[in-house]
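The values are calculated or read from the model by the stated rules, or taken from the named source; none is laboratory data. Keep in mind the model is a prediction, meaning the values are calculated, not measured. Note that we place each Cβ from the backbone using ideal geometry, even for glycine, and neighbour counts take in every protein chain shown. SASA here: full protein model, heavy atoms, side chains in, ligands and nucleic acids out. Shrake-Rupley method; radii C 1.70, N 1.55, O 1.52, S 1.80 Å.
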Amino acid sequence: VVATAIGTGLRRSELCGLRWSDLDLDAGTIAVNRAAANVGRKVIVKSTKTKNSRRADHLAPFVITILNEHKREQLARYEAMLGPFEARKRQREGYVFSWHGGEVWDPNELSRSFTRFIRRNKLPHYRFHDLRHGYASLAFAAGVPLAVVSRSLGHASIGITADIYTHLLADQKREKAAALDAFLAPSILAATGTEKRA
């Protein structure tokens, strides 16, 4: 689930509500239509909060590889419990990330499991939600346009994305200035007879 989170930018509630029917691993696509939520002591799955949260996207090949392997492992667990026919049926109709029996995963328990993993392995302190920020940071660093990152995150507007990731945009602006200087400075300075000062 961690690799899928950092490779898609999905919220923890969206990951818990994701069904295999929302994925086309051959085409490499994902549809985000629902989210799991804690209501009292129950976990329910409902439509995403906003129209922008409902979205379709393409998956990076490494995410497809990981999901295919996860699907095989999950099917093997189900077969051990239910037999081949029932196992395929449960998986086909079920959640991508679930409790061992196939029930919807509690988003709060997902966060707690992640925290335990971090502590057990003595890793720097991160929240599960930080994986979503990691996705955005890596996408920016890879040169993905802001508008595309915004749509992938399911933000209501590109302005929200720009506000949240102002520090990353500042880095991109500095890189843009340096790239322009390297590309244009020699010709422009030569044409204007200006010397570049250190």
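For this structure, a couple of remarks:
- Residue among 195, 175 that is farther than 28 Å from residue 50 by Cα, acidic (Asp, Glu) and either under 18 Å from the mean Cα position of the chain (by Cα) or not in a helix (DSSP H, G or I) (or both): 195
- Of the candidates 165, 78, 95, the single residue that is open to solvent by less than 60 Å² (accessible area, probe 1.4 Å), under 22 Å from residue 2 (Cα atoms) and at pLDDT 95 or above is 95.
- Boolean, residue 116 is farther than 24 Å from residue 25 by Cα, surrounded by fewer than 16 Cβ atoms within 10 Å (Cβ to Cβ) and out of contact with any Leu (no Cβ under 7 Å at 6 or more places or on another chain): yes
- Considering region 114-151, the residues that are assigned to a loop (DSSP other than H, G, I, E, B) and charged (D, E, K, R) include one that is nearest to the chain's Cα centre (by Cα), namely 127.
- Conditions (1) touching a Pro at 6+ places or on another chain (Cβ under 9 Å); (2) assigned to a loop (DSSP other than H, G, I, E, B); number of the one not met by residue 100: (1)
- Annotation: residue 73 fulfils all but one of (1) farther than 23 Å from residue 108 by Cβ; (2) open to solvent by less than 60 Å² (accessible area, probe 1.4 Å); (3) more than 13 Å from the chain's Cα centre (by Cα); (4) acidic (Asp, Glu); the unmet one is (2).
- Within region 59-97, the set of residues being in contact with a Leu (Cβ under 8 Å, 6 or more places away or on another chain) and either within 16 Å of residue 17 (Cβ to Cβ) or assigned to a helix (DSSP H, G or I) (or both) comprises 64, 67, 68, 71, 87, 88, 90, 91, 95, 96, 97.
- Residue match in region 46-58 (condition: assigned to a helix (DSSP H, G or I), surrounded by 14 or more Cβ atoms within 10 Å (Cβ to Cβ) and in contact with a helix residue (DSSP H, G or I) (Cβ under 8 Å, 6 or more places away or on another chain)): no
- Of the set (1) out of contact with any Gly (no Cβ under 8 Å at 6 or more places or on another chain); (2) touching a residue at least 60 places away in the same chain (Cβ under 8 Å), all apply to residue 94 but (1).
- Neighbours by Cβ (under 7 Å, 6+ apart or cross-chain): first from region 1-14, outside any helix (DSSP H, G or I); second open to solvent by 10 Å² or more (accessible area, probe 1.4 Å) and among the charged types (D, E, K, R): 9/132; 11/132
- Among the residues of region 29-45, the one identified as in a loop (DSSP other than H, G, I, E, B) and surrounded by 15 or more Cβ atoms within 10 Å (Cβ to Cβ) is 33.
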